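Remarks on the structure that follows.
The values are calculated or read from the model by the stated rules, or taken from the named source; none is laboratory data. Everything numeric here is computed off the predicted structure, so don't read it as measured data. Note that we place each Cβ from the backbone using ideal geometry, even for glycine, and neighbour counts take in every protein chain shown. Protein only, heavy atoms only, side chains kept; ligands, DNA and RNA dropped before computing areas. Shrake-Rupley method; radii C 1.70, N 1.55, O 1.52, S 1.80 Å.
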Amino acid sequence: MDKKIETIRVDLGERSYDIAIGSNMLRSIGTSLNPFDFSPKVAIVSNTTVHPLYGDVVSNSLKKAGFDVLTVIIPDGEEYKDLLRVEHIYNELLKAKLDRSSSLIALGGGVIGDMTGFAASTYMRGISYIQVPTTLLAQVDSSVGGKTGVNHKLGKNMIGAFWQPRLVWIDVKTLNTLQKREFLAGVAEVIKYGVIWDEELYYFLEKNRTRILNLDRDVLMYVIKRSCEIKAEVVSKDEREAGLRSILNFGHTIGHAIETVTGYRKYLHGEAVAIGMYLEAKLASMLDLINNKEVVRIKALIDSYSLPSEKPLDIDVEHILSSMELDKKVVAGQLKFILPEKIGKVRIQTGVSWKIIKDLLQS
Ligand SMILES: NC(=O)c1ccc[n+]([C@@H]2O[C@H](COP(=O)([O-])OP(=O)(O)OC[C@H]3O[C@@H](n4cnc5c(N)ncnc54)[C@H](O)[C@@H]3O)[C@@H](O)[C@H]2O)c1
């Protein structure tokens, strides 16, 4: 392993766990499981892209540590994040006789993490799982916090469970093989943490753009660690999104609607969130909650990472509005937004009128 490992604790009583971040970490995943009470049978769940890259190193490390390793491979793509693939995972686990003290290892991006977590939450009424996220988005966001689930044909992430992992094992070196566009989509979620919580992180992203884009290890370690610390702190205070946790949805109310209306094909999740963040910052300015200079600064950072910030011209505003109406973030017909008051601080705003959203989207 290169240099040191940074560890962050997600504090959730008996469901607490560590997030370990380092470089070249995959080869030591086996020994990292020694402190746990897992039975020797474990299963790696991965996909057809990530497994050829990292499956062997993870599998060998687990075997060296005394585990009996089953591997379950899912085709690559969001369209496979469904109950059919979860059933496939159950079938393989049952055939290999994994038991209630077995553990699953989710090796991949957010799709694999969400699906494996959900399979773990329901297999034999719930077994342990470890997140080994290999995209920036999964490392800074989806692997932490215990939201697991799959898509239903009537809506994304509609079937799921809160089920916390026992460990999150982040190897920043895996980002070297990630496509640039996927990496940048992950940066959007980091920008989000800066806006909602930490002006210093935001400033860091402004000042260190070149080093981040060059995948400088120390800079990435800092960015991932700080993002995980923020997510851990928010989740520790509000595991099931009764209040505070919803601030993590900054950019997502409009972002989700844009993803839905474009059929999940035009934009990656992080790209849609980038558009959502700028539009929601503009909304905050229309409501006189934020100084327009801050909105300009938000757009400048999004643009500097080659992320989209403007609503695509070919999308019908009415479509976006009706998609927002169906969203999980609409409670009792009231639209809820996370709106920035300045960089580093947001507020939860309910009762935003449909008219002002329409004006925003048409402007
Ligand atoms: N649970 C949560 O809290 C949460 C939060 C945000 C997003 N999500 C979910 O996460 C999913 C998106 O995750 P994602 O952006 O990681 O997408 P993804 O899992 O589809 O990964 C993106 C692409 O990168 C490939 N890949 C992954 N790691 C790689 C590597 N190291 N080298 C080369 N290729 C690699 C994947 O095979 C895939 O083709 C969505 O389903 C979304 O709903 C969940």
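The table below gives the values:
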item	result
Solvent-accessible area of ASP303 with every protein chain in place, 1.4 Å probe, in Å² to the nearest 10	70
For the range 110-195: relative contact order, % (alpha-carbon pairs under 8 angstrom, 6 or more apart)	33
Prolate/oblate/rounded label for the range 60-145 (Cα gyration tensor, a/c 1.5)	oblate
Cα shape, the range 132-290, gyration tensor, a/c 1.5 rule	rounded
Carbon plus sulfur fraction of accessible area for the range 199-262, probe 1.4 Å, in percent	45
Label zone at SER304, where the point sits 7 Å out along the Cα-to-Cβ direction: the range 169-197 residues whose backbone N lies under 15 Å	187-188, 190-192, 194-195
Cβ-derived FRET efficiency at R0 22 Å, LEU289 paired with VAL317, nearest 0.05	0.50
Anchor LYS207: aspartates and glutamates whose Cα lies under 19 Å away (excluding residues fewer than 8 positions away in-chain)	GLU189, ASP198, GLU199, ASP216, ASP218, GLU294, ASP303
Virtual paramagnetic centre 7 Å along Cα→Cβ of VAL57, amide N under 17 Å, in the range 1-31	1-6, 20-31
Heavy-atom surface of the range 103-250, accessible at 1.4 Å and reported per residue (Å²)	34
Eligible lysines near LYS64 by straight Cα distance, threshold 27 Å, same-chain separation 8 or greater	LYS3, LYS4, LYS41, LYS95, LYS97, LYS173
Net length gained if the chain between GLN362 and LEU154 were fully extended (0.36 nm per residue, minus Cα distance)	72.1 nm
Accessible area (Å², 1.4 Å probe, nearest 10) - SER285	30
Within the chain, helix-based [θ] at 222 nm, where runs of 4 or more DSSP H residues each add -39,500 (n - 2.57), nearest 500	-13000 deg cm²/dmol
Whole-number percent relative contact order across the chain, with pairs defined as alpha carbons under 8 Å at least 6 apart	14
Whole-percent carbon and sulfur share, accessible surface of the range 1-64, 1.4 Å	48
Accessible surface, 1.4 Å probe, highest first, among residues ARG240, ARG9, ARG15	ARG240, ARG9, ARG15
Two-site label geometry, GLU14 and ALA242: point separation in nm, points 7 Å out along Cα→Cβ	1.9
Global form of the range 258-317, assessed from the alpha-carbon gyration tensor, a/c cut-off 1.5	oblate
Cross-link reach list, lysines versus LYS81, counting only Cα pairs under 17 Å and skipping chain neighbours closer than eight places	LYS147, LYS153, LYS156
Accessible area per residue, Å², the range 1-88 with all protein chains present, probe 1.4 Å	50
Sequence ranges 175-185, 128-138, 334-344, 246-256, ranked by mean other-Cβ count within 10 angstrom, highest first	128-138, 246-256, 334-344, 175-185
Residues of the range 27-52 with amide N under 17 Å of a point placed 7 Å along Cα→Cβ from GLU182	45-52
